[in-house]
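What follows is a set of notes on a single structure, which appears directly below.
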Amino acid sequence: MSDPVENPLREGLARERVPQPCTMIIFGASGDLTKRKLVPALYSLGRDRLLPSAFSVIGVARRDIGDEAFRQSMRESCDKFARRRPVEEALWKTFSDGLFYCNGTFESPDTYTKLKKQLDELDEKRGTRGNRVFYLSTPPNEYPAIISMLGQAGLINRDGDTPFTRVIVEKPFGRDLQSARSLNRTVHDSLRENQTYRIDHYLGKETVQNILVFRFANGIWEPLWNSKYVDHVQLTVAEAIGVEGRGGYFESAGIVRDMVQNHMFQFFCLMAMEPPVAFEAEAVRDEKLKVLRALRLLPSDPKLVAQNVVRGQYSAGAVGGETRMSYRQEKGVAPDSNIETYVAMRLFIDNWRWAGVPFYLRAGKALPKRVTEIAIHFKRAPHAIFPSAAAEIERQPNVLTIRIQPDEGIALNFFSKVPGPTTDVLPVPMEFRYGTSFGAEPPEAYERLLLDCMLGDGTLFTRGDEVEASWTFIDQIEKAWAQSPPTDFPNYASGTWGPDAAEQMLQRDGRAWRRL
Ligand code: BG6
């Protein structure tokens, strides 16, 4: 791991991007997210010298432990999960001196009175100047109470940014349009929209941000990025893992709510949107919203929906040689569960750029491997002058692949003449790999997002109207599925690429899913 000060680019970045002094208050401090992601990300920011000069964290949770026990448990987390390891003793000392704990229930006004007192004292002692970032990392049913209580306890400054109050809300933001709207109303009762940071960790991934840079820092793609040249687009989020002990949660979600409504729609929008006028929160989010609003609505008949949206659930099988149980055998899952662990959809964006171009999305658990990518399949050359190569060209047109994870990179396949006396052609790749070009390990998604929130930059966070627009689309699927429960679950074996119906959906269009 290279030292940050050795890297002049990093130093320049650090100078530009150090936030104002502040305190981050994490509700749900005994949870997994705090341990695995949030505190390790804050520590790594500290190691990169990106934390404010005065900075504190208060963990809020029910358990009755003190500051020291909280610090000890966070140290164990950082030892295990921080990107920058081993943890440096001197740095840990400075960082952990700023870690505090406040125990209490989220519904009790006493918790907020205690918290307020603690915050005021920290402002005095540590110079955090009343600037606050509240992070809601609790079960989502607690969000409304916490937001309202923060308001009632006078912990939110709605007027202006001095001092600033910002609230980060973890996913899921609602479970349908109605609940998302109701949560937006609660949020807006206490906060301005630009104080609200709905987090989606996919937007913190380097490769997802790079979609914007790739598209809009280079002039060569834009002329090709439309229905004249693009035949169709395939977006894949394949996971080899199953639900990993989160069966109880997954039973109330399913893959559409867990992956598509949020993560997948986010990078889908970045891929499909119009160029924003600036790389700035409102401009970027306006364009993403337009994509969601232009999504062609599904027919209301569930049978017709099934031609455009295929659902699946995994049975027992093997992934990478490891035996797997079926979804219905997982802990917390009903033995006759109808919850989907796989979905494939065929979407259209009804606007000038994408008229008639199908976007095929698939997401699934217990698939053969972990791959997240966008593959843009271009139309064939309009006139075939190499008859001997026609079949090959027909089989594999030019494809531009943006690999989000793993093996992060971008590849463009094009045809090349095979050396020799004939005019045979074969596709060859032109490759960019993050690892080779940049060497250094990219920061964790949460590092970037926590930093952006402290800086007041909402570009990589989701706006309220965006969330509602995505639920408007997703609700149609959930509604159709509720009307017509699956009759063939489980319908794909763990370690395979999903149900046959997903293949057939593309075959009907004369296309096929990429073999990954
Ligand atoms: C989470 C989902 O939001 O994202 C999980 O709840 C999923 O089910 C995870 O596994 C995927 O994130 P990543 O960063 O590992 O691709």
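For Asp488 and Arg185, the difference between the fully extended length at 0.36 nm per residue and the C-alpha to C-alpha distance is 105.1 nm.
Between Arg36 and Lys379, the FRET efficiency estimated from the beta carbon spacing at R0 = 51 angstrom works out to 0.70.
Full extension of the chain between Trp221 and Lys479 gives 89.1 nm of extra length, using 0.36 nm per residue less the Cα-Cα distance. Applied to the range 247-260, the Karplus parametrisation 6.51 cos²θ - 1.76 cosθ + 1.60 on θ = phi - 60° returns per-residue 3J(HN,Hα) values of x, x, 5, 5, 4, 9, 10, x, 5, 5, 6, 6, 10, 7 Hz, with x for Gly and Pro.
Note that the range 227-235 has calculated 3J(HN,Hα) couplings of 5, 5, 10, 9, 7, 6, 10, 10, 10 Hz, one per residue in order, obtained from phi through the Karplus relation 6.51 cos²θ - 1.76 cosθ + 1.60 (θ = phi - 60°); glycine and proline are x. Angle of helix 206-216 to the longest C-alpha principal axis of the chain, folded into 0 to 90 degrees and rounded to 10: 60°. Measure nothing but the geometry: give the 0 to 90° angle between the long axis through the Cα atoms of 281-294 and the longest principal axis through the Cα atoms of the chain, rounded to 10°. Relative to the chain, helix 281-294 is tipped by roughly 40 degrees.
Taking the charge dipole of the range 418-516 about its Cα centre, with +1 at Lys and Arg Cβ atoms and -1 at Asp and Glu Cβ atoms, the residue from Leu451, Phe489, Gln476 reaching farthest to the positive side is Phe489. Sequence-ordered 3J(HN,Hα) estimates for the range 299-316 from the Karplus curve with 6.51, -1.76 and 1.60 and θ = phi - 60° stand at x, 7, 6, x, 5, 6, 4, 4, 6, 10, 9, 10, 10, x, 9, 7, 9, 4 Hz, glycine and proline given as x.
Can you work out the FRET efficiency for the pair Ile65 and Ala153, with r the C-beta to C-beta distance and R0 = 22 Å, to the nearest 0.05? If you can, show how the numbers build up before the last one.
Details: r = 22 Å, r/R0 = 1.02.
The calculated FRET efficiency here is 0.50.
The chain: longest stretch without exposed GluC sites (Glu not before Pro) (DSSP loop, at most 15 other Cβ within 10 Å), sites themselves excluded? By the stated rule (loop sites, at most 15 other Cβ atoms within 10 Å), 281-516.
Would you work out the relative contact order for the range 101-230, in percent, from Cα pairs under 8 angstrom that are 6 or more residues apart? Intermediate results must be reported in sequence, preceding the final value.
Working: 117 pairs, mean separation 26.8, N = 130.
The value is 21 percent.
In this Cβ point-charge picture (+1 for Lys and Arg, -1 for Asp and Glu), the chain has a dipole of about 460 debye about its Cα centre.
Under the criterion of Cα pairs below 8 Å and six or more residues apart, the relative contact order for the range 236-378 equals 39 percent. Distance from the C-alpha centroid of the range 121-195 to that of the range 458-509: 31 Å, rounded to the whole angstrom. Two decimals is fine: what is log10 I(q)/I(0) at q = 0.05, 0.06, 0.08, 0.11 Å⁻¹ for the chain, from a Debye sum with one equal scatterer on every Cα and no solvent? Computed log10 I(q)/I(0) values: -0.22, -0.31, -0.56, -1.04. Computed extension length for Glu193-Asp500: 106.2 nm, one decimal, from 0.36 nm per residue of separation with the Cα-Cα distance subtracted.
Looking at the chain, send over the antiparallel percent of its DSSP beta bridges, to the nearest 5.
On the way: 43 of 75 bridges.
Of those bridges, close to 55 percent are antiparallel.
Dipole magnitude for the range 335-458: computed about the Cα centre from +1 point charges on Lys and Arg Cβ and -1 point charges on Asp and Glu Cβ, it is near 500 debye. Can you find, among Asn262, Met325, Thr422, the residue sitting farthest towards the positive end of the charge dipole of the chain, where Lys and Arg contribute +1 and Asp and Glu -1 at Cβ? Going by the Cα projections, it comes out as Thr422. Computed on the chain, with alpha-carbon pairs under 8 angstrom and 6+ residues apart, the relative contact order is 17 percent.
Each of Cys78, Tyr360, Pro276 was placed along the dipole of the chain (beta-carbon charges, centred on the mean Cα), and the one lying farthest toward the positive end is Tyr360. Note the angle between two axes, namely the Cα long axis of helix 143-152 and the longest principal axis of the Cα atoms of the chain, as a number of degrees from 0 to 90, rounded to the nearest 10. Around 40 degrees separate the two axes. For Ala283 and Lys228, what does the FRET efficiency come to when R0 = 35 Å and r is the distance between their Cβ atoms, rounded to the nearest 0.05? Taking R0 as 35 Å, the efficiency between Ala283 and Lys228 is 0.85. Over the range 457-508, the fraction of Cα-Cα pairs per 10 Å bin, rounded to whole percents and listed from the shortest bin up, is 18, 28, 31, 21, 3.
Computed over the range 228-304, the convex hull of the alpha-carbon atoms projects to a mean area of 8.2 nm². Over the Cα atoms of the range 364-417, the radius of gyration divided by the Kirkwood radius equals 1.11; this is the Rg/Rh ratio.
Readers should treat all values here as calculations from the given coordinates under stated rules, not as data from a laboratory. Quantities reported herein were computed from a predicted structural model and do not represent experimental measurements. When we count neighbours, we look across all protein chains shown, and the Cβ atoms used for this are built from the backbone with ideal geometry, even at glycine.
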